[in-house]
Amino acid sequence: MNPFSYTRAVDPASAVEQVRHDRAAKFLAGGTNLIDLVKSGVEQPAHLVDINRLPLTQIEELPNGGLRIDALVSNTDVASNSLVRKRYPMISEAILSGATPQLRNMATTGGNLMQRTRCYYFADTTMPCNKREPGSGCAAIEGYNRIHAILGASDKCIATHPSDMCVTLMALDAIVRTDGPLGERSIPFGEFHLLPGDTPERETVMQHGELITAIDIPLLPFARNSHYLKLRDRTSYAFALVSVAAALEIKDGAITQARVVMGGVAHKPWHASEAEQVLVGAPANVATFRQAAEEALTEARPQRYNAFKIELAKRAIVRALSTVAGIEGDNA
Ligand SMILES: Cc1cc2nc3c(=O)[nH]c(=O)nc-3n(C[C@H](O)[C@H](O)[C@H](O)COP(=O)(O)OP(=O)(O)OC[C@H]3O[C@@H](n4cnc5c(N)ncnc54)[C@H](O)[C@@H]3O)c2cc1C
Ligand code: SF4
């Protein structure tokens, strides 16, 4: 048993103050990830600052037509919000494909971004893990690495980011709003999570004591025509082996705008910009989607047990784009 103290913050500034000066302090939101990790000894905070009473619980329209989702809005409330469902259906699909209703009721928007990897060796304190204990080694590289990364990995860590929602936020060019030791910041979603490199223990650009206050999603009219496809070992209560967030604007049969982001393949949501380059200007058909999928995976490097992810990811891209384009059946 690791003793820890607990306090409840009443406003964002006091929450930041309580954590920033204490390296062993952490914010506690829904607790669906952090408490599990504390119980298993992976995380050992000496002080938990409960942020659940902070006034960060709204979803509101922005003057520029976008949407602001406060950090403490539950995953359930985001998924069921009528504006989210209408303007950014892929977000709702992504959230509803994850966890369980009970977990989604507790899990928060900010916590979803900060959740830790599901690498089994990270969760097992008897195994070496550079992310949990820098310099100790990586048990997954020579171990059973079926769920691990095929893109952007390093010789220090091959873990993937587990979030579904984050894959769609990357596709939508979301902005993460924070408050902390560096003052208020607006961080483009693509820069928020990091690749492992030599420092896999550092997963985001967040400073210690920095609080996520909201996510801004810009107006992106073609995002109404979007889809999130998640492939996993069972159809409920499982993390993605591969997932795809896709959006298309199609005019007169040709693609004018495209978004393709993959989940389950890297340490962060993977923006397949090469695939988008193939798509824009091309006819919206399966042949184009296959070419885009090939392009998206050219840099993929499998581990011993996960080469299947490369073909799975290609097929997932074709299927997700076909769904968005309204192409069904054997053609997809
Ligand atoms: C059994 C199970 C199945 C799951 N399945 C899925 C799934 O299929 N797909 C998926 O995407 N997710 C899944 N999840 C993960 C779930 O979505 C996350 O646990 C949840 O989103 C975390 O949110 P939370 O509010 O509970 O965070 P907490 O557990 O409270 O916190 C997580 C981390 O975020 C930090 N934090 C929280 N809020 C803030 C903030 N505002 N600013 C800065 N730091 C903050 C905390 O300090 C902590 O380090 C699953 C979880 C479980 C337990
Ligand atoms: S892949 Fe990363 S998280 Fe998993 S054991 Fe290796 S260092 Fe740890």
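The values are calculated or read from the model by the stated rules, or taken from the named source; none is laboratory data. What you see is a predicted model; the values in this text were computed from it and never measured. Note: ideal-geometry Cβ built from the backbone for every residue, glycine included; neighbour counts use all protein chains shown. Just the protein is used for accessible areas: all its heavy atoms, side chains included, with ligands, DNA and RNA removed. Shrake-Rupley method; radii C 1.70, N 1.55, O 1.52, S 1.80 Å.
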Just read off the accessible area of H227 with the full protein assembly in place, 1.4 Å probe, to the nearest 10 Å².
30 Å²
In Å, the Kirkwood hydrodynamic radius from C-alpha pairs for segment 153-293 sits at 16.4 Å
Solvent-accessible area, 1.4 Å probe, carbon plus sulfur percent, for the chain
50 percent
Loop sites in segment 129-234: GluC sites (Glu not before Pro), DSSP, at most 12 other Cβ within 10 Å
E142
Under a Cβ-Cβ cut-off of 14 Å, what is the net charge of the residues other than L62 that fall near it, where Lys and Arg count +1 and Asp and Glu count -1?
-2
P(r) tail fraction, segment 30-115 - alpha-carbon pairs more than 20 Å apart, %
38 percent
For the chain, what is the convex hull volume of its Cα atoms per residue in Å³?
132 Å³
Any DSSP H helix in the chain with Cα axial reach of 24 Å or more and mean Kyte-Doolittle score of at least -0.5? Listed by number, the hits are 308-325
Any lysines with Cα under 24 Å of the K39 Cα? List them, leaving off those in the same chain fewer than 8 positions away.
K26, K131
Hey, what number do you get for the chain at 222 nm if only DSSP H runs of n ≥ 4 count, each worth -39500 (n - 2.57), divided across all residues, to the nearest 500?
-7500 deg cm²/dmol
Residue-normalised accessible area of segment 13-87, expressed per residue, 1.4 Å probe, Å²
48 Å²
Residues of segment 162-237: accessible area per residue at 1.4 Å, in Å²?
40 Å²
